[in-house]
Amino acid sequence: MRSGAGAGFVAVIDDVVVRRTHLDFYRRTLRTHPFHLVVLAPGPAAAWQRNQTRAKTLTTDWSPLDEAMRTELAGQGTWIDNAAQTVEETAEAVLDAVGG
């Protein structure tokens, strides 16, 4: 049986990874495949502002997640401050970060 990666498919996992243990889980699980961590870090104010335009509101205060992420994931992967970027600019920055 061939894997999706072996067949040339690129998997993208879109998840909120805040804790180092969560990141380590992905690294262990995906250890035989290329792995790129790209952190979109617009900051709590931009996250709050964007959340106001969504139909589904998960939280109104992103500060605790932002603080934990910046503490536990510091120095890991590529960080993109996309607070002032359009969706297209952010997508381009992500592709640049992973060599796509």
Rounded if a/c under 1.5, otherwise prolate or oblate - region 7-46, Cα gyration tensor axes: oblate
Calculated P(r) tail over 23 Å for the chain, as whole % of Cα pairs: 34
Residue among 29, 84, 97 farthest towards the positive dipole end of the chain, charges placed on Cβ: 29
Relative contact order of region 20-98, defined on C-alpha pairs under 8 angstrom at six or more residues apart (%): 41
Candidates per trypsin sites (Lys or Arg not before Pro) in region 26-66, loop by DSSP, up to 15 other Cβ within 10 Å: 31, 54, 56
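Read the figures in this text as sums done on the coordinates, not as results from a lab. Everything numeric here is computed off the predicted structure, so don't read it as measured data. Ideal geometry is used to build each Cβ from the backbone, glycine not excepted, and the neighbour counts take in all protein chains shown.
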